[in-house]
Structure formats: structure tokens, C-alpha cells
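One structure below.
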Amino acid sequence: MDCIFCAIADGAADARVVAETESALAFLDANPLAPGHTLVVPKDHYETLDDLPPAEGRAVFSLLHRLVPAIEAAVDADGSTVGFNNGAAAGQEVDHVHGHVIPRFAGDGGGP
Ligand code: 5GP
Ligand code: ZN
């Protein structure tokens, strides 16, 4: 299987890793929508949230939950947009479940 996020999780492709647990990994997005834009993934390959076992979901959410305030503090953000594009129809381009943490700044005019 040719999956870039599996390659990152296996150490076969480079990424700027932010944090890691036994079954989840966080790394900076290569094309950030804002400074500190981070992706959180299960280390094992699951295509969508529909495929993700509950324990892996808890591991991903737990890492997301811990990282959001740390990322906001690191880039002095006022908040963050946290979400998953789940499935091609939702704009999912990499077929390995990933949550986005996109730091937000007062008046930045963005939003989902
Ligand atoms: P999606 O649209 O699937 O929710 O988002 C995929 C995200 O993965 C995009 O924000 C894109 O910039 C990021 N991305 C794609 N390929 C790579 C890569 O090789 N390395 C990193 N760090 N991010 C990637
Ligand atoms: Zn994968």
C-alpha cells in the first residue's frame, strides 16, 4: 500500500513530528493553513473514521485533546479549528484518517 501517512508513522518519510503516543502521531501539515497547523493520525492505517476502531479513536482524540492548548500556546493563537474531512465527498485527500488542528487568530476571517 502506498500511503504517505503510514510512511511517516513508520519513519520512512520525513515529517516534523510534534508528539507521539503508542498508537497515535502528530506532525506538522506540509501545506499549513496557519502557523502550527498539525495533523493527528492513528499509527495504523484506517481510511476513514468509519473504519477506525474505538480504542484507536480514543488514542487519536486523547492526543488531539492534549495538543490543542499546547499548539495554541506555541503559536499564540486565540483558538483553533479542529476537524476531520471524512471521506472524499468531504474533501479527504489522504486516505489515512487524520484530524486537523488549525490555529485561529482573532479577526483572521477564516472558518469552516
Ligand atoms: P485532507 O484534505 O485529506 O483532510 O488533508 C490532507 C492534509 O495532508 C493536507 O492539509 C496536506 O497539506 C497534508 N499533507 C499531504 N501530504 C503530506 C505530507 O507528505 N506530509 C505532511 N506533513 N502533510 C501532508
Ligand atoms: Zn496509511
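Quick note: the coordinates plus some simple rules give every number you see, no bench work behind them. Note that this is a predicted model, so its numbers are computed, not measured. Because the Cβ atoms are built from the backbone with ideal geometry, glycine has one as well, and the counts that use them run over all protein chains shown.
Some observations on this one:
- I8 being within 15 Å of ligand 2 (Cβ to nearest atom) and out of contact with any helix residue (DSSP H, G or I) (no Cβ under 8 Å at 6 or more places or on another chain): yes
- Those residues of the stretch 91-110 which are out of contact with any Gly (no Cβ under 8 Å at 6 or more places or on another chain), small (G, A, S) and closer than 22 Å to K43 by Cα, in sequence order: G91
- F27 more than 9 Å from ligand 2 (Cβ to nearest atom) and buried (at least 19 other Cβ atoms within 10 Å of the Cβ): yes
- Failed item in (1) part of a strand (DSSP E or B); (2) among the hydrophobic types (A, V, I, L, M, F, W, C); (3) away from ligand 1 (no atom under 15 Å from the Cβ), with F61 passing the rest: (1)
- Checking each residue in the stretch 30-72 for being within 15 Å of ligand 2 (Cβ to nearest atom), surrounded by fewer than 19 Cβ atoms within 10 Å (Cβ to Cβ), touching a residue at least 40 places away in the same chain (Cβ under 8 Å) and not charged (D, E, K, R) picks out H45, Y46, T48, L49.
- Test: residue in the stretch 82-89 that is without any contact (Cβ under 8 Å) to a residue 24 or more places away in the chain, away from ligand 2 (no atom under 16 Å from the Cβ) and over 12 Å from the mean Cα position of the chain (by Cα): yes
- Residue list for the stretch 35-56, restricted to those being aliphatic (A, V, I, L, M), away from ligand 1 (no atom under 11 Å from the Cβ) and in contact with a helix residue (DSSP H, G or I) (Cβ under 8 Å, 6 or more places away or on another chain): V40, L49, L52
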